[in-house]
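The values are calculated or read from the model by the stated rules, or taken from the named source; none is laboratory data. Note that the coordinates shown come from a computational prediction; the quantities given were computed from them, not determined experimentally. Cβ coordinates were reconstructed from backbone atoms using ideal geometry, including for glycine residues, and neighbour counts include every protein chain displayed. Heads up: the accessible areas ignore ligands, DNA and RNA and are worked out on the full protein's heavy atoms, side chains in. Shrake-Rupley method; radii C 1.70, N 1.55, O 1.52, S 1.80 Å.
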Amino acid sequence: GPLGGGDVSVGVAVGAFSVTALLVRPWAGRLADRRGRRLPMLIGIGTFVVSVGGYVVAGSVPVLVGMRLLTGVGEALFFTGAASAIADMAPDERRGEAISFFSLALWTGIAVGPVIGEVVLGQGRFDLVWLASAALGLLAGVLTVRVRVHTIRTEGGPSRLIHRGALLPGTAVLASIWGAAGFFAFVPLYSRELGLSGSRGVFVLFSGIVLAIRFLGARLPDALGAVRAARVSLVVSAAGLALMGVWETTTGLFVATAVYAVGQALAFPALMALALRDAAPGQRGAAIATFTAMVDVGFGIGPAALGFVAHGFGYGGVFLFGAAVALLGLVLLFTRYRPVGAG
């Protein structure tokens, strides 16, 4: 666009927020465990609004990256507080279902956001896109004030920065997120390379499938067991990305996106439920922070590294690489958890 960046610049700008989010996430978890869930949510959304407003004055890629780093601070605080509040509300046997419903909000944003963004953008009105995003952030702040926050029970030891029980599920979600990072960063460019006018149709299809499965099949992570659901998600995600990498047509993009969406619909609820399985109530913020820090690693390193893959091997290489990483995550789950038994 007007900043004159190429594939590598796109990858760095998209992934930059994950760097600070990764660094702040453990402290956000400790704050949520010690001071309650609403405080990090309010601080986070305020930081988000200020940083996105700063995109308006960004006149170069480095300045934009700086603002994206600040966005990461806000995202880490807000998401950790919100996810911890959801975990407090859900009974243990229905936590996967609760996370599925919680994630519907995220994927609704992914479905609607690109459509709104491209409509507002028009012929290059980037400033209006950022102002609209900041306005939606202000709305989120108003809603945060109305969030019903449960009293935190502190049994289970003092709060911690890193929760060991969440490390393996977090590493598995990292393997899943790596391909998603490439999908979100480069499908907009890949779709135009294939002759499409934009990527909104692809993202609407992807998010629509994820939303449908997480709404109609919200109980699947609990019914299948978190481990089994996670394994299925990684297999199907890898298949979708591999298909996207080898079937380089418009039809192939849409078919592969549909397959990939099925896998991604199960991944986050199953693995997050697994991360929370052994966490005491007063340590859920730390568990969620540890788990989602791996998401930050994936979205931080993934787009930047895959930008070099795109430069050397094209967008098909990006998707094939993501498929290989997802299969590595599958292997990791098999080495740790028993092949038989729920959860």
#### Entry: Shape call, the range 1-90: gyration tensor on alpha carbons, a/c limit 1.5
prolate
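Roughly how many percent of the accessible protein surface of the range 197-269 is carbon and sulfur, given a 1.4 Å probe and a whole-percent answer?
On the way: 1890 of 2580 Å².
Looking at the range 197-269 in its full context, I get 73 percent from C and S.
Hey, what number do you get for the chain at 222 nm if only DSSP H runs of n ≥ 4 count, each worth -39500 (n - 2.57), divided across all residues, to the nearest 500? Intermediate results must be reported in sequence, preceding the final value.
Working: 12 runs with 271 residues, N = 343.
Value at 222 nm, helices only, nearest 500: -27500 deg cm²/dmol.
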### Query
What is the dipole size for the chain, taken about its Cα centre, with +1 at each Lys and Arg Cβ and -1 at each Asp and Glu Cβ, in debye to the nearest 20?
920
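Per residue, how many Å² of accessible area does the chain show with a 1.4 Å probe? Can you show the working numbers first?
Numbers: 14560 Å² over 343 residues.
Dividing the accessible area of the chain by its residue count gives 42 Å².
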### Query
Of Gly29, Leu69, Ile110, which is farthest on the positive side of the dipole of the chain, counting Cα position, with +1 on Lys and Arg Cβ, -1 on Asp and Glu Cβ, and the Cα centre as origin?
Gly29
### Message
Tell me the label only: which of [x] 25, 44, 16, 7, 6, 3, 0; [y] 28, 55, 18, 0; [z] 32, 61, 7 is P(r) over Cα pairs in 20 Å bins from 0, in percent as calculated from this structure?
### Response
[z]
### Query
Which helices count as membrane-span-like in the chain under these terms: full DSSP H, at least 15 Å along the axis by C-alpha, Kyte-Doolittle mean of -0.5 or more?
17-35, 38-54, 61-89, 95-121, 126-145, 167-193, 200-216, 226-246, 250-276, 284-336
### Query
Among 211-221, 271-281, what's the highest-first ranking by average C-beta atoms within 10 angstrom per residue?
271-281, 211-221
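If packing is taken as the mean number of other Cβ atoms within 10 Å per residue, what is the order of 54-67, 320-333, 283-296, highest first? Please report the intermediate quantities before stating the final value.
Values: 54-67: 15.7, 320-333: 20.5, 283-296: 28.3.
Averaged packing, sorted descending, gives the order 283-296, 320-333, 54-67.
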### Query
Which residue, Ser237, Ser199, Ser84, tops the fluctuation ranking in a GNM of the chain built on C-alpha contacts under 10 Å?
Ser199
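As an exercise, take the mean of 1/r over every pair of distinct alpha carbons in the range 180-339, invert it, and state the Kirkwood radius in angstroms. Spell out each step's value before the answer.
On the way: mean 1/r = 0.0611 Å⁻¹.
Radius from the Kirkwood sum: 16.4 Å.
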